[in-house]
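I have placed the structure first, in the form of structure tokens, so that the comments after it can refer back to it.
The values are calculated or read from the model by the stated rules, or taken from the named source; none is laboratory data. Computed from a prediction, not measured in an experiment: that's the story for all the values here. Cβ atoms come from the backbone with ideal geometry, glycine included; neighbour counts cover every protein chain shown.
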Amino acid sequence: MGAGETVAAGKGGREDRDTAAVEAGLDALDSTATAARTPLRQTLRERALPPVAAVVLVLLAWQLAYEAEIRPDYLLPSPADVGRALSDQWYEGTLFSTVWTSMWRGALGFAAAVALGTALGLLLGAVRTLRVALGPVLSGLQSLPSVAWVPAAVVWFGLTDATIYAVVLLGAVPSVANGLLAGVDQVPPLYLRAGQVLGASGFARVRYVLLPAALPGYLAGLKQGWAFSWRSLMAAELIASSPELGLGLGQLLENARTYQDMALVLAAIGEILVVGIAVDLLLFAPLERRVLRSRGLAVAR
């Protein structure tokens, strides 16, 4: 072996050792990040304490406003009055049935919106002409307030469940489709070419290449789609109120307004808010963490 070959071999050996050292360091960092999980007490302090403190401050400010008699008590009830309204619902057996009626409608409407919005998003993403023609319409529908569809849906379907589901679909499908389109636009072309080389075509290309790569944008569209579904549902239940439709949160809110029961009005608003927060925390937040973690963008906790 000549001097040049010896020097080259030495450099190659050093480069191999450097590469191995870098890989070992990355492995050590990864294992450290995985092992160093946040203690439960610290997690509760960092994540649970701030929102609890915020709720307590809001209740204190509310109680102070009530005691200062900024508005008459029949217009601004105290937190205790609202608590009694919730307690009355509990003892009457209507609290969970009312929440369940709206949640079941919201879940069914959202599931249908996901199916239709996903199919529409994939179609527009695959056919350029359709996207150019329907893309602005889809964006316009997304910005249109859902309550605007309620009168038309009542005329078309009457005071039936079909009216409520129609309003939910018209409010949520554009958000799901636009979210998927945004995710598809961000897929690196290299992924699509790699899938094509590996023989992925048709449904397999969508299932194993396109949707996984577009998942962050798609998930954002699903989250927004649920928000639109829930708001559309409340708008439909508020306006399309009928005994035949059963008692949902929107109907409860409208009944409380009719009887000028502000304690029940605020209680119903609180129930609507709690359901929205619970769905976000229990469904979408874990999904977002899992997606980010799978892409190395979040440390496991």
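When A61, A65 are screened for being outside the structural domain of D261 (by TED's automatic domain parsing), at pLDDT 85 or above and surrounded by 12 or more Cβ atoms within 10 Å (Cβ to Cβ), only A65 passes.
Scanning segment 287-299 finds no residues that are modelled with pLDDT of 85 or more, crowded, with 16+ Cβ neighbours inside 10 Å and of a type in the set (A, V, I, L, M, F, W, C).
I'd like to check which helices (runs of 4 or more DSSP H) are fully inside segment 73-192 and have at least 2 residues that are in the same structural domain as G221 (by TED's automatic domain parsing) and within 22 Å of V279 (Cβ to Cβ).
Values: elements: 79-92, 95-126, 128-143, 149-157, 161-185.
The qualifying helices (runs of 4 or more DSSP H) are 79-92, 95-126, 161-185.
Residue-wise test of (1) closer than 21 Å to S175 by Cα; (2) out of contact with any Ser or Thr (no Cβ under 8 Å at 6 or more places or on another chain); (3) in contact (Cβ under 8 Å) with a residue 40 or more places away in the chain.
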| site | (1), (2), (3) |
| --- | --- |
| A220 | yes, yes, yes |
| R231 | yes, no, yes |
| S242 | no, yes, yes |
| L249 | no, no, yes |
| A263 | no, yes, yes |
| G270 | no, yes, yes |
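Provide a single number: the residues in segment 67-87 that are of a type in the set (D, E, K, R) and without any contact (Cβ under 8 Å) to a residue 60 or more places away in the chain. Write out each step before concluding.
Within segment 67-87, the first condition is being of a type in the set (D, E, K, R), and the residues that meet it are 67, 69, 71, 73, 81, 84.
From the residues that got through so far, the ones that are without any contact (Cβ under 8 Å) to a residue 60 or more places away in the chain too are 67, 69, 71, 73.
So the answer is 4.
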